[in-house]
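Have a look at the structure below, then the notes.
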Amino acid sequence: MLPAARSLLRQSATRVPQRAALLGARSISTPVRSAAQATQAFERVRAAASSQAAPAPPTSKPPPSHKPPKRRLEAASAPLRNNPTPTRGPILQCIAHTTAERYDLVFLGAVLRRMGVQWNEVPEGDRDRAIVIGPWKGRGGAERLIRGKDVRRVEDEGDDGDLVDMGFEYGERGEIWVFSSGSFVTWGLTEEEGRAFLRDVIRHRGSRVEIDRLTAEEYEVEEVDFVVDPTATTFVLGNLILLGRPPELSTFPSSPSLASLLARYTLSLSLTRSSSLSVLEDRLDKHIASVSLLPRALERFGAQPMGRREVIRKMGELMSLRMAVNTRGGGLEDTPEFYWSEPELEAYFDSVAKEFEIKERIDTINKKIDYAQEVQNTLRALLTEASGHRMELIIILLITVEVIIALIREGPELWRHFGAPVIEKLQELIPDPTRPPKTLAATGDHVDQGTDQWTPAATSVVVGTDNQTHPRLV
């Protein structure tokens, strides 16, 4: 580059205000909305809780969020920002965008080929593989500078080609890393240019690059700054990355360009872990907010405010969050196998994870998930108890219906065999006080109603031939 052009670029760079990138500031918590509609009782609890000045808190609370404090990151990077060196370039932006659960890199490669944009896959076939697009320059991605060097040829021939950091040093070009985990990272581009790349390339008309696209509220951006100093050692301080001398590689060909490329790949990958974690943090916060009034509902109404389907859906949300933390990108906390044989690259990866407090944030997420799991266990126990009561009532009702049907169907037959004889026997044993005494009209016999004994009447009957009357019992 000509000295005059270099001087002009330096003068223009000094007029650009140095932005103190906010590492966790882009992960702004949006107003929490309920994840699902609750029952009418649950809505009454919400209205009652909002009308009271000081509602009673639940017995247990979820732990607070553990995102990196903005002021601490700015203070940590202040010594590096305030003490520039003659060999250091201007401060530029490095921004990670998380827009989907996954990217289809094969389809993205086809889109880039149709647009005439050169790209390479780094590393090939790896689980955390990414497509690197560079150099990239233009307003809104409309103008593209199609230059570059095939990464595979650099590995084979050890040729530096155009994969150098001089463009980063003076802000003349940008670089974009697109990861299969649903995130992309821009180097040397503004946030507006990154959103333009998302709109014009990833979300190109008819594009199927994004799999399970995130909503506008879930869209996460993590922003840091970086400077290039070819005489220094690469390290991370607060929310500022210093790209220095290329690292020494153990398993790759000795190539400064390839080493610098892999260094940016490592830093980009670690940065996407933070933005992906921010998505999960926001989802978990919304989930906890949607069930935060359940303890209050149980206290006031003493009844289960959610239905079985809603509880099952909440359980599915929680299981998805836990699985995403432990399995997304091989686990957000685990160091990829790619760095096991590259100690310097692993140090870069761990330094970014340390500054972004990845481990602490994952621990906080797991604690929140445990809290939400306790709430769901309570709901599930209440549902089980309510189901048991309903089953008992159903069984009693079925037995009652069966008895009624049996009586209707077999009633006459049962009456003939059992009812009528019993009634007749009772009528014989139990006297009727309203019934008149029984008198034998022919003989004048009398039946005592009190003792029910028969008293024969005496009558005169002519017996024999002497016409004499003799009393005789008949």
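At a glance:
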quantity: Which numbered condition Arg313 misses (of (1) assigned to a loop (DSSP other than H, G, I, E, B); (2) of a type in the set (D, E, K, R); (3) closer than 26 Å to Lys368 by Cα); calculated: (1)
quantity: Residue in region 353-363 that is part of a helix (DSSP H, G or I), aromatic (Phe, Trp, Tyr) and surrounded by 11 or more Cβ atoms within 10 Å (Cβ to Cβ) present; calculated: no
quantity: Unmet requirement for Ile241, which otherwise passes all of (1) among the β-branched types (Val, Ile, Thr); (2) in a strand (DSSP E or B); (3) modelled with pLDDT under 90; calculated: (3)
quantity: Answer residue from region 227-245, given it is surrounded by 22 or more Cβ atoms within 10 Å (Cβ to Cβ) and not β-branched (Val, Ile, Thr) and is farthest from the chain's Cα centre (by Cα) among those; calculated: Leu243
quantity: Given (1) surrounded by fewer than 19 Cβ atoms within 10 Å (Cβ to Cβ); (2) out of contact with any Lys or Arg (no Cβ under 7 Å at 6 or more places or on another chain); (3) farther than 23 Å from Asp104 by Cα, number of the condition Arg199 does not satisfy; calculated: (3)
quantity: Lone unmet requirement of (1) assigned to a helix (DSSP H, G or I); (2) free of Cβ contacts under 8 Å to residues at least 12 places away in the same chain; (3) not polar (S, T, N, Q) for Ala216; calculated: (1)
quantity: Meets criteria (assigned to a loop (DSSP other than H, G, I, E, B), surrounded by 20 or more Cβ atoms within 10 Å (Cβ to Cβ) and of a type in the set (Gly, Ala, Ser)) for Ser207; calculated: no
quantity: Within region 94-110, considering residues that are hydrophobic (A, V, I, L, M, F, W, C) and closer than 28 Å to Asp225 by Cβ, the one surrounded by the most Cβ atoms within 10 Å (Cβ to Cβ); calculated: Ala96
quantity: The one condition in (1) in a helix (DSSP H, G or I); (2) touching a strand residue (DSSP E or B) at 6+ places or on another chain (Cβ under 8 Å); (3) not charged (D, E, K, R) that Ala259 fails to fulfil; calculated: (2)
quantity: Flag if Leu163 is outside any helix (DSSP H, G or I), surrounded by 15 or more Cβ atoms within 10 Å (Cβ to Cβ) and either modelled with pLDDT of 80 or more or not basic (Lys, Arg) (or both); calculated: yes
quantity: Qualifying position, being of a type in the set (Lys, Arg) and touching an Asp or Glu at 6+ places or on another chain (Cβ under 7 Å), among Arg114, Arg88; calculated: Arg88
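To keep it simple, each residue is scored yes or no on (1) touching a residue at least 24 places away in the same chain (Cβ under 8 Å); (2) not β-branched (Val, Ile, Thr).
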residue: Ala347; (1), (2): no, yes
residue: Lys367; (1), (2): yes, yes
residue: Ile404; (1), (2): no, no
residue: Glu410; (1), (2): no, yes
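The values are calculated or read from the model by the stated rules, or taken from the named source; none is laboratory data. Model, not experiment: these values are computed from the prediction. Positions of Cβ are generated from backbone atoms using ideal geometry, with glycine treated the same way; all protein chains shown enter the neighbour counts.
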